[in-house]
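The values are calculated or read from the model by the stated rules, or taken from the named source; none is laboratory data. As the structure is a computational prediction, the values presented were derived from the model and not from experiment. All Cβ positions, even for glycine, are placed from backbone atoms using ideal geometry, and neighbour counts span all protein chains on display. Only protein heavy atoms, including side chains, enter the accessible area calculation; ligands, DNA and RNA are left aside. Shrake-Rupley method; radii C 1.70, N 1.55, O 1.52, S 1.80 Å.
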Amino acid sequence: MQPLFVYNTLSRQKELFKPVHEGRVGMYVCGPTVYGDGHLGHARPAITFDVLYRYLMHIGYKVRYVRNITDVGHLEHDADEGEDKIAKKARLEQLEPMEVAQYYTNRYHAAMDKLNVLRPSIEPLASGHIIEQIELVKKIIEKGYAYVSNGSVYFNLRKYQDDFKAYGRLSGRVIDEMLSTTRDLDGQGEKQETMDFALWKKASPEHIMRWPSPWSDGFPGWHTECTAMGTKYLGETFDIHGGGMDLMFPHHESEIAQQTSVTGHGPCRYWMHNNMITINGKKMGKSLGNFITLDEFFSGSHLDGDGKEMLEQAYSPMTIRFFILQAHYRSTVDFSNEALQAAQKGYERLMQAYHTLGKLRPSKVSSVDVKGYREKCYEAMNDDINTPVVISHLFDAAKLINTVNDHHATFTQSDIDELKSLFDSFVFEIMGLRDEASGDNSALIDGLMQMILDIRATAKSNKDWATSDKIRDALGSLGVTVKDGKDGASWEV
């Protein structure tokens, strides 16, 4: 198999993937801030890094996947001033902040389960790692890259930039020019520079979420959380740090600065970022008010600000997943009903081909070659997780299956087995699609099986052992095991 290459945002090129520790991968992905229902924009990073997680395990790596939950410290407009997003929701709903966080964490998990997103190895809460964050801030102060001001602690960006000249490298921003034009007048505000970011914030009297620290009763800065949790579970240098492109600045730039100020290097080898979901060319997000929640997609009901219905129909979880995988993770995806309906047809086409494959009768000779599809799919995955190219190869395989079904070509049993293995590996295991039709037909399947077992039971009561055995053996050849017990027969696949 060819080696895996991934696009490193920091170097702006595809690089050979080589983990810090052979055979093991440490991956950190920024998770949700849980103050509202998950929307399509949340689904994209979850599915993108779920596929990466699945593929790394598929090719033999042992993966520790850490995806955090931000339940404190994320202030409005991603700034250092304003109200905590979760605390604000709690105030409006007259609830405890942790009640809000738990409620939306549960709903996020439920939505991700429907999308068949695997749970990470570790899902740390920011509020559960306050001690680690305080210790990190202490180290940054000791190194001389932070200062205390009125009970809050800020990162000294000018000193960091003078020493490392690294802030802005990830996002491509020229920070030195910004620093030279944004110096605060003496005596204005707590910060020495406008661009200095908070590592610890002193809580105002009305602020509910607060913890004691050497500097004040307060709460951690948003950027501090990921650095502390990533280091705790993955070490000072790990393999992959992922997230949406909207997090590159200032969040990921600040993570790099914090880690570098303490250790002299950034947190990871490879920075990977998925692009945005857009609506009419604008980023989908809660702060912009133009988002459609995942539950609304599943139910098919969403009204925009003018009361206009945005969804023409309900879209199943696997349609949403397929819609996201049809585009490369580094390209934008624009929402439209037409695009989702096309995704639904594409997904159904793959599932139908898989069902057809299971019904084909093998021939003694083959008139086609099916060996190349697997290699092509691996080649696409190894080229920076190129799922749309994988899908195109699977569509080619589906077309061939339909050709054989129409008696215009022939498969041997070996061909059928190879294509079934191909679909099992790439459609279901790696891309994480589920066969929703099979789930929808479960009641029908159960009913048919019970009818068959009733016929067999009648044959046994009539001492017609030949018919009884014939039914059992025929089901066995289909992969169904019949078990006879004192309360009758049962079956399992």
Practice item. Kindly provide the set of residues from the range 344-384 that are open to solvent by less than 50 Å² (accessible area, probe 1.4 Å) and β-branched (Val, Ile, Thr), ordered by number. Key: THR356, VAL368, VAL370
Check your understanding: Quick one: how many residues across the range 284-294 are surrounded by 18 or more Cβ atoms within 10 Å (Cβ to Cβ) and either of a type in the set (A, V, I, L, M) or at pLDDT 75 or above (or both)?
Key -> 5
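Tell me the helices (runs of 4 or more DSSP H) entirely within the range 370-462 that contain at least 2 residues that are closer than 30 Å to HIS273 by Cα. Talk me through it step by step, then tell me what you get.
Numbers: elements: 372-382, 387-405, 413-422, 436-440, 442-461.
Per the criteria, 372-382, 387-405.
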Revision key, fill the gap. Flagged pairs (Cβ under 6 angstrom, 6 or more apart or on separate chains; first in the range 446-469, without any contact (Cβ under 8 Å) to a residue 24 or more places away in the chain; second of a type in the set (Val, Ile, Thr)) are ALA459/THR467
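Considering only residues that are open to solvent by 40 Å² or more (accessible area, probe 1.4 Å) and among the hydroxyl-bearing types (Ser, Thr, Tyr), look in the range 1-19 and name the one that is farthest from ARG67 (Cα to Cα). Working first, answer last.
First, pick out the residues of the range 1-19 that are open to solvent by 40 Å² or more (accessible area, probe 1.4 Å): 1-3, 5, 7, 10-16, 18.
This time we only want the ones that are among the hydroxyl-bearing types (Ser, Thr, Tyr), so: 7, 11.
Details: TYR7: 20, SER11: 23 Å.
Filtering first and then ranking leaves SER11.
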Check your understanding: What's the number of the condition VAL262 fails, among (1) over 21 Å from the mean Cα position of the chain (by Cα); (2) of a type in the set (Val, Ile, Thr); (3) under 26 Å from PRO388 (Cβ atoms)?
Key -> (3)
Review point. Do the conditions hold for ARG44, that is, is it open to solvent by 50 Å² or more (accessible area, probe 1.4 Å), of a type outside the set (S, T, N, Q) and either in the same structural domain as ALA126 (by TED's automatic domain parsing) or not in a strand (DSSP E or B) (or both)?
Key: no
Check your understanding: If you check every pair at least six apart or on different chains, which have Cβ atoms under 6 Å apart with a residue in the range 131-143 that is more than 17 Å from HIS265 (Cα to Cα) first and a residue that is in a helix (DSSP H, G or I) second?
Key -> GLU132/ALA228; GLU132/LYS232; GLN133/THR224; GLN133/ALA228
Check your understanding: in a loop (DSSP other than H, G, I, E, B) and either buried (at least 16 other Cβ atoms within 10 Å of the Cβ) or not β-branched (Val, Ile, Thr) (or both) - does that describe any residue in the range 332-343?
Key -> yes
**Study point:** Given (1) over 26 Å from the mean Cα position of the chain (by Cα); (2) more than 21 Å from HIS129 (Cα to Cα), number of the condition PRO212 does not satisfy
**Key:** (2)
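Starting from residues that are of a type in the set (Asp, Glu) and closer than 22 Å to TYR53 by Cβ, keep the ones in the range 80-128 and report whichever is surrounded by the most Cβ atoms within 10 Å (Cβ to Cβ).
Let us first name the residues in the range 80-128 that are of a type in the set (Asp, Glu), namely 80-81, 83-84, 93, 96, 99, 113, 123.
Now narrow it down to the ones that are closer than 22 Å to TYR53 by Cβ: 113, 123.
Details: ASP113: 12, GLU123: 14.
By that ranking, first place goes to GLU123.
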**Study point:** Criterion (in the same structural domain as HIS39 (by TED's automatic domain parsing), among the acidic types (Asp, Glu), modelled with pLDDT of 95 or more and more than 30 Å from GLU429 (Cβ to Cβ)) met by exactly one of GLU132, GLU96, GLU123
**Key:** GLU132
Review point. For residues in the range 20-39 being in a strand (DSSP E or B) and modelled with pLDDT of 95 or more, which is surrounded by the fewest Cβ atoms within 10 Å (Cβ to Cβ)?
Key: HIS21
